[in-house]
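What follows is a single structure, written as structure tokens, with notes after it.
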Amino acid sequence: MPRAPPPRPSEDARLAAYKPGVDVARSRRRREDRLLAVRRSNRDAGLFKRRRDEPTPTPIPPARAATPSSQADDVPTTTTATSPPSSAPSSPPSSPPAESVPPTAADSELEGLSEMVEKVWSDDTTSQLEATIQFRRLLSDEKNPTVIKIIRADVLPRFSDFLSRHEHPQLQMEAAWVLTNIAASDYTLLVAECGAVPRLVELLESANANIRHQAIWALGNIAADVPTCREIVLDHGAVTPLLAQFREGMKVPVLRTATWALSNLCFGKLPAEVQVKPILDIISQLIHSVDEKILGDACWALCYICDGVSDGIQHVLDAGACPQLVNLLMHASANILLPVIMVLARISSGDDAQVQVLVENDILNYLAPLLARNYPKSIKKQACLIVSNISTGSKDNFQAVIDADVISPLIFLLKTSEKDIKEEAAWAISNAASGGSNDQIQYLVSRGCLEPLCNVLTYQDADLVYACLEGLQNILQAGAVGKQGQGSTVNPYAQFILECGGLDKLEDLQEVDNDAIYKLVMKLLEGYWDEEVSDDDPNLPTSNDSAETVETASEDAAQPTEPSASPNESE
């Protein structure tokens, strides 16, 4: 059957509108930026907010605000980044012992809401404290839908006022607790706008450790909401007094809460006036913690700084965080691996010098096990992305990828995994093939990359398809050089692409409405399969000769290291 490409209308117009080829590295990095933007928008829908539970003697069950699932794909929701510290701050020493509350106490107290409101607005401190404790008890149970009724009672400004009653620390504590739990609901913005934020920031310098802890908790919930709330907290200068909380001998529950709150403040674009170095000085110590909750939140904070600060990647590298982050790739918990590998993926999207820091810290030898073993797909996708960005650099970097034995698990994922992982693996293999030397290309082909790479040509992602075409172009060029060196008349790689059905996929791409893809496809078809376009071509080999040549080329050019990597094996 003739393989001449069908005539295309308005060829002059097509050529006039022709755009230069896609810069693969820039396109890849833009793609990572879009992914992080999606994560930001998803995260704004339900962030790391949490309620403070009743003290232990009280039988009210602990409750926490919902945590987002978008942050970790298929990682369990017990992820450090999305799960608050399990230990609530202890009650202040001056607090009266908690009373035993029967199961119907919440309902009975709710019926007396008007009386509670009257007490809150009274001039009697004892009545104010009593009513505030009652409000706190109601709000400590997430299943008790009283928040909206409390909001409508218009008591938030009163609780905000109580934060300034320094002569009554217990009242300050209870008011901060109430505001903390309201901020864990869907009404966070009301807390941020009722005047509580500057008073909570002031409480970070309180002499009472329990009040400081509660203020951290409340500010963390407020910062975890929409960007407007976080900006309010930042505008009132919360970062500096929050960093002052990290001190030697700090109790683990307080350290967990402070790290979590700091992570929430780092999310999004930080204002130019916020100094990043002091934050990174603290976080670079926290990533050495043995506590998974602290460790996970600290790593998320690094991820946010990479994305939300001008030159954030360089700031993280200058803080000396890279060696420890690479070491954490051996951590046993997937809940830690996800934020760690996301930070490293963000670094890999930086410039060549920043990527080189990852290579020099031996990251590739840590990635091979992550690709080969049964880790969540979110982790595997980020590992593929890192390999892709490293491979986009110099031939020396690509050789480092080969030496780390990363190619075989990548090709296995490209053949057998779910579509979204296949796409990430395809980016890595395509970028590697686009810039590899002839010997490196031969290694790629020997591991069985051609057939699964041809299958990528059917994907809908135009950038990925174009990158794949560039990889195939480099592979075919290497095959042409090898053909000349061996005195052969057949390009073994072109012949195998024909045999595995890749040529049909290339021909189908002629109809894709993308000028760059069409132009490159035509270049490949005319440059490597010109003898296939006409059955009358006198130079076209006979069917017997062709079959013999294909068999020989396949054996010489594609020797697999394992059965699953064979280029002659169908996916």
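Being farther than 30 Å from ILE379 by Cβ and either touching an Asp or Glu at 6+ places or on another chain (Cβ under 8 Å) or surrounded by 17 or more Cβ atoms within 10 Å (Cβ to Cβ) (or both) holds for only one residue in ILE497, ILE475, and it is ILE497.
Filtered by the rule that a residue be open to solvent by 30 Å² or more (accessible area, probe 1.4 Å) and assigned to a helix (DSSP H, G or I), the stretch 257-277 gives a lone residue, LYS277. Cβ-Cβ distances below 8 Å connect the following pairs, each with a first residue in the stretch 132-148 that is open to solvent by 10 Å² or more (accessible area, probe 1.4 Å), a second residue that is at pLDDT below 75 and assigned to a helix (DSSP H, G or I), and a separation of six or more residues or different chains: GLN134/GLU109; ARG137/ALA105; ARG137/ALA106; ARG137/GLU109; ASP141/ALA106; ASN144/ALA106; ASN144/LEU110.
Identify, please: which residue in the stretch 149-190 is surrounded by fewer than 20 Cβ atoms within 10 Å (Cβ to Cβ) and either outside the structural domain of GLY220 (by the TED database) or hydrophobic (A, V, I, L, M, F, W, C) (or both) and is, among those, farthest from LEU219 (Cα to Cα)? In this case the residue turns out to be ALA153. Restricting attention to the stretch 212-256, the residues being of a type in the set (S, T, N, Q) and free of Cβ contacts under 8 Å to residues at least 12 places away in the same chain number 0. Examine the stretch 374-387 for a residue that is outside any helix (DSSP H, G or I) and closer than 22 Å to LEU295 by Cβ, and state whether such a residue exists. Scanning the stretch 374-387, I find at least one residue that is outside any helix (DSSP H, G or I) and closer than 22 Å to LEU295 by Cβ, so the answer is yes. Beta carbons closer than 6 Å, at least 6 apart along the sequence or on distinct chains, pair a first residue in the stretch 382-397 that is of a type outside the set (Phe, Trp, Tyr) with a second that is part of a loop (DSSP other than H, G, I, E, B) for VAL387/VAL406; ASN389/SER349; LYS395/SER437. Quick check: anything in the stretch 325-335 within 15 Å of the chain's Cα centre (by Cα), buried (at least 21 other Cβ atoms within 10 Å of the Cβ) and modelled with pLDDT under 95? For the stretch 325-335, residues within 15 Å of the chain's Cα centre (by Cα), buried (at least 21 other Cβ atoms within 10 Å of the Cβ) and modelled with pLDDT under 95: present.
Here LEU280 fits the description: touching a residue at least 12 places away in the same chain (Cβ under 8 Å), in a helix (DSSP H, G or I), surrounded by fewer than 24 Cβ atoms within 10 Å (Cβ to Cβ) and not assigned by the TED database to the domain that holds VAL197. Can you report the number of residues in the stretch 456-490 which are under 23 Å from TYR518 (Cα atoms) and part of a helix (DSSP H, G or I)? Qualifying residue count, the stretch 456-490: 22. Screening ALA433, ALA462 for residues that are closer than 22 Å to ASP420 by Cβ, open to solvent by less than 10 Å² (accessible area, probe 1.4 Å) and either in contact with a helix residue (DSSP H, G or I) (Cβ under 7 Å, 6 or more places away or on another chain) or at pLDDT below 95 (or both) leaves exactly one candidate, ALA433.
The values are calculated or read from the model by the stated rules, or taken from the named source; none is laboratory data. Keep in mind that what you see is a predicted model, and the values were worked out from it rather than measured. All Cβ positions, even for glycine, are placed from backbone atoms using ideal geometry, and neighbour counts span all protein chains on display. The protein model used for the area step is the full one, side chains on, heavy atoms only, and it has no ligands, DNA or RNA in it. Shrake-Rupley method; radii C 1.70, N 1.55, O 1.52, S 1.80 Å.
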